[in-house]
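Presented below is the structure to which this report refers.
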Amino acid sequence: MGAAIAAWQPHRGWNSFDPAKAFDSNRYIRLSIRSQARFIMNQEHPVYEFLDPPQRDGELGRLGPYRVLELLGQGGMGAVFHARDSRLKRHVALKMMQKKWASTVIGRKRFVEEARSMAAVHHDNVATIFEVGIHRGVPFMAMEMLKGQPLDRWIKQTDQFSYQRVLRLAIEVARGLAAAHACGIIHRDIKPANIWIEDPSGRAKILDFGLAIAGSSFDRFSGRGSVLGSPAYLSPEQSQGEPLDDRTDLYSLGVVLYQMCAGRLPLVAKTIPEQLIYNICRHPVPLQQRNPSIPAPLCDLVHRLLDKEPRNRPASARELEELLERVATECETESQAALKIVTEEETKSSSRLESDKTVSSRSAPGSSAPRSSTPKSFTPTSMAIVAGVTAMLCLIAGAAWWSSRPDLPPKTTTVREQPATLPSQQRRRVTALSLKPLELMPVNAGTRSVTAGEAARYQMTIRNNAADAAHDPRVVNAEAPVVAQIITKLKSPGSARVVQPTFAKKFSPAQLPGPGQSERVEIQFLTGDLSPDDFEVSFELQTPAGDLISRINESLTVAENLAQGELLGFELLRTHAGQGADSYVASGKQQSMGDKPVLHTSRKGAREREHTYLRFDLSKANVSKDDLDRCVLLLTVQAEGLKGQSTINVYGVRSELQESWKETGEGALDWKTSPCRDGVGGQSFLGQFTIDNFKDHLSKSPDGVRFFSEALDDFIRSAPGNLVTLVLIRENAAQAATRFKSKEGKPAQAPALALRPKRPQS
């Protein structure tokens, strides 16, 4: 296929951003035949029910005036076809929703919103939308057909790009973003897969506004504060679900530029939660360390784009475009200057060589003494001088920016403090006395508790108590790039070992509040490396040299993570082998379901349709109720059933039924005898859990669903006998039921209750 469609990623459950579930737009051409074969179910003549019948050979069908010619690609949300507009005689790309998604209101709204977002922007660096409509109940959009390939394919083929190529692309993307931002649209998913490189012009075009917001900082469909996008390219504010503005796109572009220059992403984590924390807390390795060939002005601007604070980035895409053009000029000037120095040095060395030859011939005519085989102009010493001069030029060119940058990575400090490149007032040490008016104050006091592996979040304020400008730390230290920092320290009570779980939070003079004002700060850190325990947390406001200015103390309780890892020390009771029973009931059916291989729970609208009942015999365990510490309910998801999210409420049955019901036969449980057929009044609410069975991935994890709560522990301990009954009722409505494996399916994957005794007192 000579032309490729502009990359499009059908979104997978619009409030999720797992990259493993995204359609790979980079593989359109390569997977075209494969995806087509899968889409048509190996039929010789495919039939697409949302298209009108074909009228000519070589057509898949008709969509109004469009002759649909071939399938280019498809994903979970839709498909993209190559078509020809019979009216305007041009080739287009038709993007259509899958019918199952088109049947939902939210799906149609998302599609239309994306189309409107893209159609509102008219610019050479943004892919063009020609038409938006609905055909046979299926929304579609007609887009321009593009030749070339997405940037991420270029990145896979090239380890590192020249700074000239990086600057050209950055300027073009900035222009496209400026046009989008002028229409009130934030893209929110700038990444290499959404930047198309046209062939043969090499022009960059921004694609896929599927995550864009028009006129609002929040997504109306996924809910306030939802995190959407591709994890590695998310801005810190986007990673936290905070309100967004245009500068979030600039951060994402900074990630792309860093990746092009360095051949790798600035921050990479193993899991999505860790990636989000990295985006918030960690700083990348300085770009010039990754690739010394990138000029300092470009490195500086990339790091400015990657600043954790939006206010420290360029104010707009238009301003970024101007800065990039200025950097391009500086880089070109710097390159020419370096070339001139090397040329002059070679000329001088050559002159010295000729002079030496002349002196030698004059002082020793006819001498047969051996000469050095290496000219002086190419000795290691001379080459070192040239390299040193060139490096010094880079430092001088970038000194002005480095001196004003508020939040530099730690390893660059020695570069800033080179006496040959920075004025003396900038090298002046920030003293504790000059920062004495600053005070660190807590916002939320009291004990905090997080599950191991999650992020601990603390908010505090920095207050400036300076009486006048003469004592204002911002004024006194106006020339310092970093004037203060917050250091986090953790310590277990009774232990001398101190842990620093996060990087220092650094402040430039511009980031500090004015006299009599306060500035709110949030500190986050992961707790995955901490054992379950109580910790003392200290936040110290320090000078850059580490002198203490102010301190606040907090507390932290790290709870064990029962949702992941091995359940060491737990004993399992399963519903098979005489340890319990499992069954489900269905509305309107007076028959037992206890011999089924699956357990159902479903809801349609406000009406509950199916409930799952589980019973466990505590007498079969070696853990007494009085000695019970924790318990966890384990379930295995059946592959068939609900795809996507499902929220399940768990209740403890407090009635005589808990001991009397049977799975089948006389006394069998059915809807009529169910204690929850008329509601859950009188039953104990134990909590809820949410599962996401997208692409049946949970069905591949035995006991992959875990539910635990203190209410469940208390219910088990307070049971009057040894038999306890739990009922599972789905909270959200959906067409398909949520299904779990029963003891009749796979006994080893039957529902289980994991019990752990209390630890002996030491």
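The values are calculated or read from the model by the stated rules, or taken from the named source; none is laboratory data. This structure is a prediction, so every number in the text was calculated from the model and none was measured. Backbone-built Cβ (ideal geometry, glycine too); neighbour counts: all protein chains shown.
Below, the figures for the structure above:
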{"quantity": "Some residue of region 116-128 being assigned to a strand (DSSP E or B), not small (G, A, S) and not assigned by TED's automatic domain parsing to the domain that holds L306", "calculated": "yes"}
{"quantity": "Residue within region 178-190 that is surrounded by 22 or more Cβ atoms within 10 Å (Cβ to Cβ) and in a strand (DSSP E or B) present", "calculated": "yes"}
{"quantity": "Single unsatisfied condition, L562 versus (1) within 30 Å of P473 (Cβ to Cβ); (2) of a type in the set (A, V, I, L, M, F, W, C); (3) not in a strand (DSSP E or B)", "calculated": "(1)"}
{"quantity": "In region 524-556, the residues that are in contact with a Pro (Cβ under 9 Å, 6 or more places away or on another chain) and either free of Cβ contacts under 8 Å to residues at least 60 places away in the same chain or not assigned by TED's automatic domain parsing to the domain that holds M460 (or both)", "calculated": "D529, D533, D534, F535, E536, N553"}
{"quantity": "Residue selected from region 480-513 under the condition among the aliphatic types (A, V, I, L, M) and touching a helix residue (DSSP H, G or I) at 6+ places or on another chain (Cβ under 7 Å), by the criterion surrounded by the most Cβ atoms within 10 Å (Cβ to Cβ)", "calculated": "A484"}
{"quantity": "Within region 707-730, considering residues that are of a type outside the set (F, W, Y) and part of a loop (DSSP other than H, G, I, E, B), the one surrounded by the fewest Cβ atoms within 10 Å (Cβ to Cβ)", "calculated": "P720"}
{"quantity": "Tally, over region 240-275, of residues that are among the aromatic types (F, W, Y) and not in a helix (DSSP H, G or I)", "calculated": "0"}
{"quantity": "Residues of region 519-559 satisfying the condition of being at pLDDT 90 or above and aromatic (F, W, Y)", "calculated": "F535, F539"}
{"quantity": "In region 147-163, the residues that are crowded, with 22+ Cβ neighbours inside 10 Å and touching a strand residue (DSSP E or B) at 6+ places or on another chain (Cβ under 7 Å)", "calculated": "P150, L151"}
{"quantity": "Of residues in region 281-316 being in a helix (DSSP H, G or I) and charged (D, E, K, R), the one farthest from P513 (Cα to Cα)", "calculated": "R290"}
{"quantity": "Of residues in region 514-561 being surrounded by fewer than 19 Cβ atoms within 10 Å (Cβ to Cβ) and of a type in the set (V, I, T), the one farthest from E710 (Cα to Cα)", "calculated": "V521"}
{"quantity": "Leading residue by the ranking (surrounded by the most Cβ atoms within 10 Å (Cβ to Cβ)) among those in region 563-603 that are basic (K, R) and over 19 Å from P747 (Cβ atoms)", "calculated": "R603"}
{"quantity": "Given (1) part of a loop (DSSP other than H, G, I, E, B); (2) surrounded by 14 or more Cβ atoms within 10 Å (Cβ to Cβ), number of the condition A733 does not satisfy", "calculated": "(2)"}
{"quantity": "Answer residue from region 639-656, given it is part of a strand (DSSP E or B) and of a type in the set (S, T, Y) and is modelled with the highest pLDDT among those", "calculated": "Y651"}
{"quantity": "Test: N477 is modelled with pLDDT of 65 or more and surrounded by 13 or more Cβ atoms within 10 Å (Cβ to Cβ)", "calculated": "yes"}
{"quantity": "Verdict on D547 being in contact with a helix residue (DSSP H, G or I) (Cβ under 9 Å, 6 or more places away or on another chain) and farther than 23 Å from P310 by Cα", "calculated": "yes"}
{"quantity": "Elements of type strands (runs of 3 or more DSSP E) in region 429-512, at least 3 residues being in contact with a Pro (Cβ under 9 Å, 6 or more places away or on another chain) and touching a residue at least 60 places away in the same chain (Cβ under 8 Å)", "calculated": "455-464"}
